[in-house]
1. Which numbered condition trips up residue 405, out of (1) over 33 Å from the mean Cα position of the chain (by Cα); (2) open to solvent by 20 Å² or more (accessible area, probe 1.4 Å); (3) among the β-branched types (Val, Ile, Thr)?
2. For segment 736-789, which strands (runs of 3 or more DSSP E) that fit wholly inside it have 2 or more residues that are open to solvent by less than 20 Å² (accessible area, probe 1.4 Å) and not aromatic (Phe, Trp, Tyr)?
3. Consider only pairs whose beta carbons are under 9 Å apart and that are at least six residues apart or on different chains; among these, list those whose first residue lies in segment 757-783 and is at positive phi and modelled with pLDDT under 90 and whose second residue is open to solvent by 10 Å² or more (accessible area, probe 1.4 Å) and of a type in the set (A, V, I, L, M).
4. Residue 486 passes all but one of (1) open to solvent by less than 60 Å² (accessible area, probe 1.4 Å); (2) touching a residue at least 12 places away in the same chain (Cβ under 8 Å); (3) over 23 Å from residue 756 (Cα atoms); (4) in a helix (DSSP H, G or I); which number fails?
5. Within segment 856-908, how many residues turn out to be open to solvent by 10 Å² or more (accessible area, probe 1.4 Å) and more than 21 Å from residue 1126 (Cα to Cα)?
6. Could you list, in sequence order, the residues of segment 1077-1104 that are crowded, with 17+ Cβ neighbours inside 10 Å, assigned to a loop (DSSP other than H, G, I, E, B) and not polar (S, T, N, Q)?
7. Could you say which residue among 441, 453 is open to solvent by 20 Å² or more (accessible area, probe 1.4 Å) and either closer than 26 Å to residue 828 by Cβ or among the charged types (D, E, K, R) (or both)?
8. Please enumerate the residues belonging to segment 1053-1069 that are farther than 13 Å from residue 1095 by Cα and open to solvent by 10 Å² or more (accessible area, probe 1.4 Å).
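The values are calculated or read from the model by the stated rules, or taken from the named source; none is laboratory data. This one's a predicted model, so the numbers in the text were calculated from it and none came from an experiment. Every residue, glycine among them, receives a Cβ derived from its backbone with ideal geometry; neighbour counts consider all protein chains shown. Each accessible area value is taken on the protein alone, full model and side chains, heavy atoms only, with ligands, DNA and RNA left out. Shrake-Rupley method; radii C 1.70, N 1.55, O 1.52, S 1.80 Å.
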Amino acid sequence: MKVVMLWPIDGWNGPFNTSFVRTALPAMGKLKARFSIDRGGTFTDVYAEKFELQDDAQKNGDAALQSADGVKVLQRRVLKLLSEDPSNYDDAPREGIRRYPRSEPLPWEHIDFIRMGTTVATNALLERKGERFALLTTQGFRDIWHIGSQARPQLFDLEIKCPENLYDEVIEIEERVLLGSEDLLKLPKVDSGRIQEAVTGEKVYVEQELQEAVVRAALEDIKRKGIKSVAVVFMHAALYPAHEQLVGRIAAEMGCFRQVSLSHEVMQMVKIVPRGYTTFADAYLTPHIARYIETFVSGFAPGLLEGVNVSFMQSDGGLTPVDRFSGHKAILSGPAGGVVGYALTTRLATRLGPDDPLRGDQVVGFDMGGTSTDVSRYAGAYEHVFETTTAGVTIQAPQLDISTVAAGGGSELRYKSGIFSVGPESVGAHPGPVCYRKGGRLAVTDANVALGRLIPDHFPKIFGPKEDESLDAQASKNMFEVLAKEVAKDTPPEMPEKSAAEVAFGFIQVANEAMCRPIRNLTQMRGYDITKHVLACFGGAGGQHACAIARALGMRKVFIHRYSGILSAYGIGLADVVQDVQEPCALEIPASLVGAAAAAPGGDADGEEKKTDPDSDLSAAQQQVDAVLDRVQAAASDTLVKQGFSTQDILCERFLNMRFVGTDTALMVRGSSAALHSYIDCFLDMYSREFGFVLKNRAISIDDARVRASGRSGARADQDDEFERSKASASAMQQAGTPLERRQVYFADGWCDTPVYKLDAILERTLKGPAIIIDPNSTIVVEPHCLVSVSVFGDVTVDLLQPEEAADVDASEVERADPIQLALFSHRFMGIAEQMGRTLQRTSVSVNVKERLDFSCALFGPDGGLVANAPHIPVHLGAMSAAIRFQQSYYANGAHGGIEKGDVLVSNHPQLAGGSHLPDITVITPCFSDEGELVFWVASRGHHADVGGITPGSMPPHSKQLADEGAAIVTFKLVRGGAFQEEGIAKILSAPSNPSDPDCSGTRALADNLSDLRAQVAANNHGVRLVRDLIKECGHTKVIAYMTHIQKNAERAVRDMLKDFVKRKGTARVQTVDYMDDGTPIQVAIEIDPATGSATFDFAGTGPQVLGNCNAPPAVTYSAIIFTLRCLVGQTIPLNQGCLQPVTIKIPSFTILNPSETSAVVGGNVLTSQRVVDVIFRAFEACAASQGCMNNFTFGDEKFGYYETIAGGAGAGPTWDGRSGVHTAMTNTRITDPEILEKRFPVVLRRFSLREGSGGLGKHRGGDGVIREVEFLRPMTVSILSERRARAPFGMAGGQDALCGQNLLVTRDETSGKEILQNLGGKASVKASPGQRIRILTPGGGGYGLPKRPLTDPSGQPDEEQSHDDASAKRSKAE
């Protein structure tokens, strides 16, 4: 029997007014309907297909079938309906299915399968509407998920906003498992009977057994509170799950919990913080999803789940049965369908000839919706990531690598301070854009309507108060006329004013550039040539922007599938059922074997593996790997077999999660064959492509084994036939005929008479742009200089002509800034700095750079002025410009040999060379034009783990001179003529900085220094290439001009802010002072010119330099000022040198803010800088003081050094409470995950929690600090460098001060067992013995406004005990 496929493109039950296509296919089983559904936030898309016999089809009036004989007919239909329409139906997916047979209750006997993707989980996460649940965790760690990485999400927001925790209750349980390191196991206190084996074969030490009675008491308490869901997250449970399993067993016996999520079952990976977040998502969302499924099923006749294959799309792009669908795998359920859809439909290899440079299945997915745009990449295999953050919750699970940018049809358009901006705010669905007739605000959709790119006549009449009117194009045009007049006010007389159309088109350009940035990040940043990719466009708004975005990126081809408007639903129908299983392991491939494996021969031509010597070490490692992978594969395959798949229909992909020993960056590697050497080869290739190099003579660690088993669903059997028919019809294509109508549409060259076609009228036709193509679910804007071909099925392919290289413009043409170009170059410059940062993070080795992200990258103009600094570390912001300008003057006019092409400079001297402190090493790369003119600079600054000095980590608490702190480099050519000067820089770093001091050594981490310096050079080189590409695209004169214009724009925004401050406060002069812990004053007087917005920051009255290390070089004060000004501006502006242009800074010499060149400064960068920020905010009355410290903590010995900064409390403000446990002001570094900390270093983290009650009271309360307690397992040097231990962070406007911090050395008395506490003061370095601990209590933030009830003791300090009352009441009884 043959099969005929029919696909109407338009309505669900409407007339089929499109051409029908007959295709012979094999018979496909019983005549049942198949439904694939994407339930989005606004719309639900339904794709259905059903086979009918000829007679049944004829009864339905399908005239096209009357000549068919002995065939089955495949009918395809699509439907789009509102996801929420309670007046008409309870559930949109069920309603879509119901409308197919039109019956109630809905029968299921004629349904083959139902497949769904849904935003139910995502929406619940965003809106915090999931299931109430309680958390059981290891004692001492109740707050680690509040603290998270301790970084704040928005660097310049005074009000630090972080999503609230998902859990309702936390119970800390007395249980503890420690890793069985050599240092631990040789301690006298270790009981050998408690040594156990982890799932990886490693040893663990069960220090505190979990007591069943304690668990039952905790669960009973949860039960009494009516909580039905529980999450269990214990330290090191991924390696030793016995304690979590005990909790799971007891909870199951009690029978009162709807959901029990055990972290080792949810995601068996090391890192307790992301594993915990993932477990929370499971406990929070899975019951919510279960309720939704119950609602969905309730509308069917009984027996649906038993009689119909119902499955859901997971975030990894695979389907799973309804009973295995869990919350943490549902976050990207809908978008994942779109990725599968474009990946399986674009099929470039069948569309392009063998010599086409685009052949190779490299596709970029572009899904533009109403509020955001998703971009992704496919190159023959799905690209997964294993840790992503959604709504502030970090999910550790396989997910398709989808990047989201807040730019969509509903993104708000604004003009302020001479620059256009699009988003990230959205106008929403209500009131929506202006054209929706509900009093909305201008959005991208309005720009498309006003420019004729969206035609109201071809939209449904669902707008206006009664939702019965069409889009209002005139209202959009009128608002752009108003905006054009506002832009005209800022337009210089010598420049022509912009029309409303030019303004609207400018916003389209800015929106397009915002969407280009994540695409560049997916391709260029990872070493892929973006021009070799095809842009696969889908989503409701994508067709209006696809051609312009492809052209901006240099791409040559756009593909738009016939179901692009519902591609997520269509892709869900094509997906496979997937079971992904992962298991931790602890295998290590010695460095000697890495080279041997890389040199091993590959497989034979027929795919058979060559046998290796069974006696070789490599063969032994192969056997270990095979054993683990075989076990994991069996678990994955067995799950699919139980779901009804035969072994022949199961495809298994095997992965190893590999990293170089000593690094924290692992790559999930799929080998080209089963041989271990193929995994090693692939790892080395991936590492080289991703990072630009491989580490020589370094062992490889295998952290996890993973198998992804796919059960072929059989739902895409028609794909190959479709494309064969599409290719066959391509040669017979004709030119498109008479258009439906012609419209005036605005493009880059102005208004253009443009034909409008309906898609179903131009099948098997070609046409030239410009054109508008109308599809029932989308509008496609074809730009000029494009060629379009439409397949027999309605698939649209757009070929773009090669872009011409930009001719350089005359300097007079760019003398004045154009607000549109200003926004575009702002995006491009910032994108370059961001890509440099990404390159540095990827190519670095040290924890400081790769994990803590203690680095910054920036682009500078030819004068050394900052043009763009990615939002990395604030204390680097202003300082790097000083470093550039020093080098520029040092080598000026050929002095000291001058600077030539191929040279790269390095420096770190704080006083002489614009540095911050010695561990922050700056690598500077000049860029020359072809004529030899220096045209711009790029630089990267990273905190190195060690640069020598008197203590490990190069952060000595008691340094008194710069020589105590390590190697000081004024200038050195790190790269000379393109050659890396390893010997020279190694000599500098290895030499003791103070030879007369026996405790002063050279660097203790030379290998990491060299690796990170190479990474900085690589990041700079990447920045140079990107700027050169920009110059090639836009012209040298224009790029250099806008480096200046963008600085002037920031200058204007700062001047406006300063003038506004004078108007609000009624004074042009403010003055204030604060004191360091040793009593040294930091005083500033700020005088503002109300007319010009200029200001003088005069630090006269600031105390003298100190015989210690809290001295701060002037560059640090510049950074503090540029940071505070950017925060006070209160709008998104480019951060650059222009922020300092209105400001004159006066710092007296030989003060703590301008010390002599030999003064110690390591604390000035990390401590005094915080105090300068507090003082400036105090002068502007912006907010109370934050913790005012970075709490610099280092430990190490002759073999290693570790450094971290620790969070505290944020100051409250006029309308907000301060955030607790977060980094503030001049730092934003991450902190190492507790499990990783214990795995890599000889320490035990005993406690990391909020220090409740430490924030200042007030109308708005200051944030609390934290308590971090670390125990040492072997002798080492421990140092703490901190402030605010004597002088409390101040409150404001009647708000009370916060509590000071405290550093305690904890020693347990051997006789009594009691703790002995020793106060170390703010700055200390001690030799710690095994078993000793340091307990760091960080300061809180000050309160703002008079508290509702004064809580003070006679000394005027907050009554800590009383302020603890409310928080203490929430403590669980188990604590």
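1. (1)
2. Working: elements: 741-747, 750-758, 765-768, 771-775, 778-782.
By residue number, 750-758, 771-775, 778-782.
3. From segment 757-783, the pairs are 764/730; 764/732; 764/733; 764/792.
4. (1)
5. Residues meeting the conditions: 18.
6. Residues of segment 1077-1104 that are crowded, with 17+ Cβ neighbours inside 10 Å, as a first pass: 1077, 1080, 1082-1086, 1088, 1093-1095, 1097-1099, 1102-1103.
Add one more test, that the residue is assigned to a loop (DSSP other than H, G, I, E, B), and what stays is 1077, 1080, 1093-1094, 1099, 1102-1103.
Passing the criteria: 1077, 1093, 1099, 1103.
7. Matching residue, one of 441, 453: 441.
8. Listed by number, the residues that qualify are 1063, 1064, 1065, 1066.
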